[in-house]
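Remarks on the structure that follows.
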Amino acid sequence: MSNADGTHPVRLTHGIWDATPLWSPDGRWIAYYSDHNADVWMVPSAGGESRQLTSGPARDFPYGWLRDGSGVILQRRGAGDDQLLVAPLDGGPVRPLFAAPAGNVYGYPSPDGSNVAFILSRAGRSTLWVQNMTGGPVRQLTTEGFEDVRLVRMWSPDGKQLLYTSGRTGTTDLWIANVETGQLRQLTDDIHNDWGGTWSPDGRWVLFYSDRGGQQDLWVVAAEGGPARRVTADLRYENNAIWSHDGRTITYASQNVAVSLDAMPAEGGTKRTLVALDGYGLADLTLSPTAGRRCFPRTAAAIRTSGRCPSPAAR
């Protein structure tokens, strides 16, 4: 963990592969995945002793927090269908987040916690669904079966739209679904691959990855549609990109031979290197709720992350 400007990095955990850090709503805790026992743990963000939350028969990955901070949402893999569960902080038993259809489920709650959107993967097809957390029937939003299970910050800030990746055109593109009406809209349509979209805090812009420039770079497009603007154009490999809370800065991991944590003005300009990590990989960058600190796992060079925009569903 470090300050938002990259200063004063502090080591919070000491595992070989501690990954997927997720801040609690109040910023006091960080939930994470420990490869030591393939379970979910949490550690005080100010530093201190870690606490184990799950000890299931399979691999548990943290996916988010309940809105009130009373539990960690996780995905359990390897014990039948992949499923979304909740690990209460009060020590109660792990329970299902909701009654999901049969199949592998990958999903995230809406900003206000009233709904959960999820990709249901079964029989080689992946489709987008929504479930109201107060009950009622589950709603299916897509039927083509080409949606990507690598979900990255899919809910719009106002909770009215869902951003997802689909391969229905032969290459991967970004699409937007209206939660209330179910209307689908294609946001990008380049002949190359676009993926890993992230809403800006005001919901006006979408940051995403694309290989349309002949290599993996960061691009930005207006959420209402239009031409995309290239953000990075060097020979380095960018991933794990996030917006600052005010939407004015984009922070991301950048690697070639060495790895660094870089920041760039969202409107374009000169990048700044916040942290250089020679001999390490960098994954799962996340910003504290108060915008004052960033948290990220470092991995030894032998297990350096690679591939597109790592996320729990992609591992």
Exercise. Going through region 28-83 one residue at a time, which ones are farther than 24 Å from Ser110 by Cβ and charged (D, E, K, R)?
Worked result: Asp35, Asp39, Glu49, Arg51, Arg59
Exercise. If you check every pair at least six apart or on different chains, which have Cβ atoms under 6 Å apart with a residue in region 15-26 that is open to solvent by 30 Å² or more (accessible area, probe 1.4 Å) first and a residue that is part of a strand (DSSP E or B) second?
Worked result: Gly15/Ser34; Leu22/Ala31; Leu22/Pro62; Pro25/Trp65
For this session: Please give the number of the condition Thr165 fails out of (1) hydroxyl-bearing (Ser, Thr, Tyr); (2) surrounded by fewer than 16 Cβ atoms within 10 Å (Cβ to Cβ); (3) closer than 19 Å to Ile242 by Cα.
Result: (2)
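What number of residues in region 171-183 are among the hydrophobic types (A, V, I, L, M, F, W, C) and farther than 24 Å from Asp211 by Cα?
Within region 171-183, residues that are among the hydrophobic types (A, V, I, L, M, F, W, C) and farther than 24 Å from Asp211 by Cα number 1.
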Exercise. Being open to solvent by 60 Å² or more (accessible area, probe 1.4 Å) and small (Gly, Ala, Ser), is that true of even one residue in region 142-162?
Worked result: no
Seminar exercise, completed: In region 145-167, residues that are under 18 Å from Thr181 (Cβ atoms), out of contact with any Leu (no Cβ under 9 Å at 6 or more places or on another chain) and not in a strand (DSSP E or B) total 3
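Give the residue that is surrounded by the fewest Cβ atoms within 10 Å (Cβ to Cβ), with candidates limited to residues of region 205-245 that are in a loop (DSSP other than H, G, I, E, B) and among the basic types (Lys, Arg). Let's see the steps before the verdict.
Taking region 205-245 as the starting set, the residues that turn out to be in a loop (DSSP other than H, G, I, E, B) are 211-216, 223-228, 231-236, 244-245.
Still in the running and among the basic types (Lys, Arg): 212, 236.
Numbers: Arg212: 18, Arg236: 20.
So the residue we want is Arg212.
Is it the case, given these coordinates, that Thr127 is in contact with a strand residue (DSSP E or B) (Cβ under 9 Å, 6 or more places away or on another chain), polar (S, T, N, Q), surrounded by 14 or more Cβ atoms within 10 Å (Cβ to Cβ) and in a loop (DSSP other than H, G, I, E, B)?
Working: in contact with a strand residue (DSSP E or B) (Cβ under 9 Å, 6 or more places away or on another chain): yes; polar (S, T, N, Q): yes; surrounded by 14 or more Cβ atoms within 10 Å (Cβ to Cβ): yes; in a loop (DSSP other than H, G, I, E, B): no.
Considered against the rule, which asks whether it is in contact with a strand residue (DSSP E or B) (Cβ under 9 Å, 6 or more places away or on another chain), polar (S, T, N, Q), surrounded by 14 or more Cβ atoms within 10 Å (Cβ to Cβ) and in a loop (DSSP other than H, G, I, E, B), Thr127 comes out as no.
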Problem set entry | Residue match in region 13-28 (condition: touching a Gly at 6+ places or on another chain (Cβ under 8 Å) and small (Gly, Ala, Ser)) | yes
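Looking only at region 76-85, filter to residues that are of a type in the set (A, V, I, L, M, F, W, C) and in a strand (DSSP E or B); which one of those is nearest to the chain's Cα centre (by Cα)? Walk me through it before giving the result.
The initial filter retains those residues of region 76-85 that are of a type in the set (A, V, I, L, M, F, W, C), namely 79, 84-85.
Okay, now just the ones that are also in a strand (DSSP E or B), so 84-85.
Values: Leu84: 15, Leu85: 17 Å.
For region 76-85, the residue satisfying everything is Leu84.
Here is a yes/no grid of residues against (1) assigned to a strand (DSSP E or B); (2) open to solvent by less than 40 Å² (accessible area, probe 1.4 Å); (3) at pLDDT below 95:
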site: Ala87; (1), (2), (3): yes, yes, no
site: Phe98; (1), (2), (3): no, yes, yes
site: Ala102; (1), (2), (3): no, no, yes
site: Gly107; (1), (2), (3): yes, yes, yes
site: Pro111; (1), (2), (3): no, no, yes
site: Phe118; (1), (2), (3): yes, yes, yes
site: Thr134; (1), (2), (3): no, no, yes
site: Pro137; (1), (2), (3): no, no, yes
For this session: Assess whether Arg185 counts as being more than 21 Å from Ile242 (Cβ to Cβ) and not in a loop (DSSP other than H, G, I, E, B).
Result: yes
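The values are calculated or read from the model by the stated rules, or taken from the named source; none is laboratory data. Since the structure is predicted, the reported quantities are computational estimates derived from the model, not experimental observations. All Cβ positions, even for glycine, are placed from backbone atoms using ideal geometry, and neighbour counts span all protein chains on display. The protein model used for the area step is the full one, side chains on, heavy atoms only, and it has no ligands, DNA or RNA in it. Shrake-Rupley method; radii C 1.70, N 1.55, O 1.52, S 1.80 Å.
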